[in-house]
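*Asks:* Handing you this structure, nothing more for now.
The values are calculated or read from the model by the stated rules, or taken from the named source; none is laboratory data. Here the structure is a predicted model, which is why all the values come from computation and not from measurement. Reconstructed Cβ throughout: ideal geometry from the backbone, glycine too, with neighbour counts over all protein chains shown.
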């Protein structure tokens, strides 16, 4: 499975947040889609960020 | 020829008589010492008169020009010389002369005179001005000297262990054969080993007389003709042997010649530590720079990455809160509802509806359709 790119994932996530803040009339179905999409992105991004953090900690330990 | 002669008499023609005399004369090869006068040099001959100092006695001497050139000696009137050759009467002139094959100065005065004459001659020809530099890092030399002397050992013992290859040719460095043997050795090295870095001619010190080979024109010209640079390591007192002046580099002892060869490596010996220092300095600077770079990576870089991760996590958390709050289902689950008109448009303003309109109310688990009875 291809790993998510953190930067592009974050951009997508922020676009979803913007969408909710911008919308005046809530389209429930579309709103639901955005929520689901956001939830998937959040999960993937958190996982990927954790991986990067662990990798970073290992490198840091080696350097120190 | 009819000759009226008695049986007991031996009567010869002039030619026969002179042949007989010459036969007797040429059985010996005397050496004669005397002072030169009436010295003449022509295209074919060299002639002079040799006379005693004490007694009035003269001897005509003749020598072929090529023989004279081969001897490599400058002669002028007043010089005392020792000549060797065959006495002979020239039949066509009836003249007696010593046909010489060797001539050498005798006595310090004559030796010095010969030295000065050759010195002046070769200086005018420019044989002392051409000086070729020895190459750096000499690796291969041809040495010419007598194997019987200690000078070769002095030379070899003083060569430093740079792996210098030495080819040795034995040659007399004194006496009548010295010029020929040294000249031959120079020729040999030039012809057979042109790759040599230098030809080194060495011998110890000695009197002016014993140094005659090195004050000889033939040898001097052979040194000048050498395509390989020539180093002369010849001991001497006052008068520098002329061969040393012709050589590309001249030092006064065989040991000095070895040191000269050694010095071709100086640039490596003395230059290498300096280069090594520069390399070490350069490497140190690399390490220092690396330390600084490491510090930047570990310090600034790692902090920056750590901060970036935190920021990204913050963004995720912030968006998550927004999505949670904005989630329509969550609002409905909390008891809120959405009311739309018959076309499904969300009713936000009371002015957009009237009594009797059918409206739809969306709840968490279903919807309700209603008719408006009263508007307040």
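*Asks:* When you scan the range B:29-38, do you find a residue that is at pLDDT 90 or above and under 27 Å from residue B:184 (Cβ atoms), even just one?
*Replies:* Of all residues in the range B:29-38, those at pLDDT 90 or above come to B:31-38.
Right, trim to under 27 Å from residue B:184 (Cβ atoms) and you get B:31.
Among the residues of the range B:29-38, at least one is at pLDDT 90 or above and under 27 Å from residue B:184 (Cβ atoms), which makes the answer yes.
*Asks:* Name every residue in the range B:322-337 that is within 7 Å of chain A (Cβ to nearest Cβ) and either in contact (Cβ under 8 Å) with a residue 24 or more places away in the chain or in a helix (DSSP H, G or I) (or both), in order of residue number.
*Replies:* In the first step, residues of the range B:322-337 are kept if they are within 7 Å of chain A (Cβ to nearest Cβ); the result is B:322-323, B:326-329.
Within the range B:322-337, B:322, B:323, B:326, B:328, B:329 meet the criteria.
*Asks:* Look through the range B:113-144, keep the residues that are touching a helix residue (DSSP H, G or I) at 6+ places or on another chain (Cβ under 7 Å) and farther than 22 Å from residue B:220 by Cβ, and return whichever of them is modelled with the highest pLDDT.
*Replies:* The qualifying residue modelled with the highest pLDDT is B:138.
*Asks:* In the range B:87-101, which residue that is out of contact with any helix residue (DSSP H, G or I) (no Cβ under 7 Å at 6 or more places or on another chain) and part of a strand (DSSP E or B) is surrounded by the most Cβ atoms within 10 Å (Cβ to Cβ)?
*Replies:* Going through the range B:87-101, the residues out of contact with any helix residue (DSSP H, G or I) (no Cβ under 7 Å at 6 or more places or on another chain) turn out to be B:90, B:92-100.
Filter once more, keeping what is part of a strand (DSSP E or B): B:90, B:95-100.
Details: B:90: 14, B:95: 11, B:96: 14, B:97: 19, B:98: 21, B:99: 17, B:100: 27.
Only one residue fits best here, namely B:100.
*Asks:* Okay, next question. Which condition does residue B:351 not pass, out of (1) more than 9 Å from chain A (Cβ to nearest Cβ); (2) closer than 26 Å to residue A:17 by Cα; (3) at pLDDT 85 or above; (4) out of contact with any strand residue (DSSP E or B) (no Cβ under 8 Å at 6 or more places or on another chain), if it passes all the others?
*Replies:* Only one criterion in (1) more than 9 Å from chain A (Cβ to nearest Cβ); (2) closer than 26 Å to residue A:17 by Cα; (3) at pLDDT 85 or above; (4) out of contact with any strand residue (DSSP E or B) (no Cβ under 8 Å at 6 or more places or on another chain) is unmet by residue B:351, namely (2).
*Asks:* Looking at A:58, A:33, A:37, which one is in contact (Cβ under 8 Å) with a residue 12 or more places away in the chain and more than 7 Å from chain B (Cβ to nearest Cβ)?
*Replies:* On the way: A:58 fails: in contact (Cβ under 8 Å) with a residue 12 or more places away in the chain; A:33 fails: in contact (Cβ under 8 Å) with a residue 12 or more places away in the chain.
Just a single option satisfies the conditions, and that option is A:37.
*Asks:* Also, I was wondering about something else. Which of the residues spanning the range B:145-156 are farther than 21 Å from residue B:208 by Cβ and touching a helix residue (DSSP H, G or I) at 6+ places or on another chain (Cβ under 8 Å)?
*Replies:* B:152, B:154, B:155, B:156
*Asks:* What about residue B:78, is it touching a strand residue (DSSP E or B) at 6+ places or on another chain (Cβ under 7 Å) and on the phi > 0 side of the Ramachandran plot? So that I can check it myself, show each step before the final result.
*Replies:* Numbers: touching a strand residue (DSSP E or B) at 6+ places or on another chain (Cβ under 7 Å): yes; on the phi > 0 side of the Ramachandran plot: yes.
Considered against the rule, which asks whether it is touching a strand residue (DSSP E or B) at 6+ places or on another chain (Cβ under 7 Å) and on the phi > 0 side of the Ramachandran plot, residue B:78 comes out as yes.
*Asks:* Find the residue count for the range B:141-165, including only residues that are assigned to a strand (DSSP E or B) and surrounded by 15 or more Cβ atoms within 10 Å (Cβ to Cβ). Break it down into steps so the answer makes sense when it comes.
*Replies:* Initially, the range B:141-165 is screened for residues assigned to a strand (DSSP E or B), giving B:141-145, B:165.
From the residues that got through so far, the ones that are surrounded by 15 or more Cβ atoms within 10 Å (Cβ to Cβ) too are B:141-145.
Residues meeting the conditions: 5.
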